[in-house]
1. Only one of B:Gly105, B:Gly101, B:Gly122, B:Gly140 is in a loop (DSSP other than H, G, I, E, B), without any contact (Cβ under 8 Å) to a residue 24 or more places away in the chain and out of contact with any Leu (no Cβ under 8 Å at 6 or more places or on another chain). Can you tell me which?
2. For region B:179-189, give me the residue count where each residue is open to solvent by less than 70 Å² (accessible area, probe 1.4 Å) and touching a strand residue (DSSP E or B) at 6+ places or on another chain (Cβ under 6 Å).
3. For region B:44-62, state whether one or more residues are free of Cβ contacts under 8 Å to residues at least 12 places away in the same chain and not assigned by TED's automatic domain parsing to the domain that holds B:Ser195.
4. Just to check your reading of the model, which residue among A:Glu200, A:Glu196 is closer than 23 Å to A:Gly89 by Cβ, at pLDDT 95 or above and surrounded by fewer than 15 Cβ atoms within 10 Å (Cβ to Cβ)?
5. Could you list all residues from region B:11-25 that are open to solvent by 50 Å² or more (accessible area, probe 1.4 Å) and more than 16 Å from A:Arg153 (Cα to Cα)?
6. Within region B:206-225, work out how many residues are open to solvent by 10 Å² or more (accessible area, probe 1.4 Å) and assigned to a strand (DSSP E or B).
7. Hey, among B:Asp115, B:Asp130, which residue is under 22 Å from A:Gly100 (Cα atoms), more than 12 Å from every other protein chain (Cβ to nearest Cβ) and not in a strand (DSSP E or B)?
8. If only one of A:Val155, A:Val167 is facing chain B (nearest Cβ under 8 Å) and open to solvent by less than 30 Å² (accessible area, probe 1.4 Å), which one is it?
Amino acid sequence: MADDHDHHEHDHHDEHDHHDHDHQHPMSDTALRVKALESLLVEKGLVDPAALDQLIDLYETRIGPRNGARIVARAWTDPDFRAALLANGAEAARTLGYEGRQGEDMKVLENTPETHNMVVCTLCSCYPWPVLGLPPVWYKSAPYRARAVNDPRGVLEEFGVRLADGVGIKVWDSTAEMRYMVLPMQPAGTEGWSAEQLEELVTRDSMIGTGIARDPQEASA
Amino acid sequence: MNGGHDLGGMHGLGPIDPPSDEPVFHEPWEARAFALTLAASSRGHWNLDQSRFARESMEPGEYLRTSYYEHWLHGLEVLLEEQGLIKDGEIEARMKDSTPGEFTGFADDRVLAADKVVKTLGRGGSARMDGVSAARFNIGDRVRTININPPTHTRLPRYARAKSGVIELDHGGFVFPDVAATDGVKQCERLYTVSFTGAELWGEDCEYPDDVILLDMFDPYLKAA
């Protein structure tokens with residue numbers, strides 16, 4: 001463990017006092033509780049402390065929404081891949097190397113000029129980890145989970161998205177083990193761009209459906 | 001269960017207030033709680049549905065007051081105690097004496113080793129199951145959801161009970177969470193995506209009666225309309 005904690009502010013196992021070295025605030029009860037639980041589970045041999053560091057590193061630095069952005073940009077530039085992605089999202093993502101926990105079965109939802117898709121999990125926090133990483137706090141929060149299904153347009157407005165008149169909304173409540181990712185519309189004026197250029201326009205929120213892809217003018221400003 | 005987790009349609013929770021950017025984990029303890037949960041769960045003493053049930057079992061007021069990883073921590077503690085892997089009061093005692101846990105080796109070969117993390121998470125584990133019985137519904141069929149209020153785990157949220165919708169997708173057989181959460185048995189049931197109109201879920205007078213809400217529904221939740 002001692003040689004593998006670059007991402008943490010301190011070494012949890014060597015820390016004997018109840019203070020956070022960096023901030024000089026007393027550790028919260030919850031932080032203390034987690035530390036005590038970790039110490040117990042390590043002692044009982046139920047978790048490998050080095051595995052904990054590996055898990056954190058995996059989701060902090062290696063699995064995140066840039067994976068999804070690469071998939072979207074590829075779909076915008078490769079009609080065959082787009083068709084494969086819409087037919088079986090998990091399978092197509094796998095061909096680009098993105099697969100695993102919480103993305104085993106995934107469907108990709110195509111936004112069109114007529115229909116805007118948006119994803120929520122009202123019961124917990126279901127989210128396609130291999131392509132988007134771990135969900136942001138707001139996605140797991142009570143207000144989003146409560147309102148996405150009965151006030152989606154109000155929610156979109158909070159995210160600065162106003163749909164044109166006549167655009168229908170489809171809200172997908174992930175109540176089972178299918179995971180959903182939105183394929184946003186390619187911004188106008190980006191025809192002929194390379195996949196690498198387009199990737200920069202694909203935001204995490206545009207793949208949840210609480211955003212749209214970035215405007216190329218804005219992106220270059 | 002009709003717990004604090006079943007939030008669809010609830011009022012009065014305030015704005016969403018999304019930050020423009022945020023770290024994956026907001027506090028170091030969140031990262032530890034996340035990793036502890038994944039590592040401890042990988043031993044197979046409980047399944048995903050039992051994990052969800054354990055988190056939902058938090059007292060509803062407390063569920064709404066606490067943060068996401070506090071729900072995870074609660075769930076993990078419940079499962080560990082149920083399995084007899086930690087005893088009541090053990091965490092509190094350890095909080096007081098602050099002895100660092102010494103790692104002296106794995107309890108058994110099911111413990112997730114550091115060198116297996118990337119492969120294990122990269123492989124995942126689909127809840128899909130073979131041997132599903134013939135579909136009772138076709139795409140486009142009108143269906144009605146049942147009205148149930150079990151005190152145990154279900155993935156049929158309150159806002160979608162006793163509502164009429166249309167079968168949109170047929171995903172094939174999956175582990176049925178209502179049973180898996182209770183006794184750990186993998187019962188295979190067909191999973192559909194069913195669409196509902198805003199008017200059906202929220203009333204004719206709602207602001208956007210034509211908006212569509214889709215939920216994944218297991219066959220036992222549905223009857224022909």
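The values are calculated or read from the model by the stated rules, or taken from the named source; none is laboratory data. No experiment lies behind these values; they were computed from the predicted model shown. Note that each Cβ is placed from the backbone with ideal geometry, even for glycine, and that neighbours are counted across all protein chains shown. Note: accessible area is taken over every heavy atom of the protein model, side chains too, but ligands, DNA and RNA are not part of it. Shrake-Rupley method; radii C 1.70, N 1.55, O 1.52, S 1.80 Å.
1. None of the others qualify; the one that does is B:Gly105.
2. 2
3. The first filter runs over region B:44-62 and keeps only residues free of Cβ contacts under 8 Å to residues at least 12 places away in the same chain, leaving none.
For region B:44-62, residues free of Cβ contacts under 8 Å to residues at least 12 places away in the same chain and not assigned by TED's automatic domain parsing to the domain that holds B:Ser195: absent.
4. Exactly one of A:Glu200, A:Glu196 is closer than 23 Å to A:Gly89 by Cβ, at pLDDT 95 or above and surrounded by fewer than 15 Cβ atoms within 10 Å (Cβ to Cβ), namely A:Glu196.
5. The first filter runs over region B:11-25 and keeps only residues open to solvent by 50 Å² or more (accessible area, probe 1.4 Å), leaving B:11-13, B:15, B:17, B:19-21, B:23-24.
Within region B:11-25, B:Gly12, B:Leu13, B:Pro19, B:Ser20, B:Asp21, B:Pro23, B:Val24 qualify.
6. Result for region B:206-225: 3.
7. On the way: B:Asp115 fails: more than 12 Å from every other protein chain (Cβ to nearest Cβ).
It is B:Asp130.
8. Criteria check complete, one pass: A:Val155.
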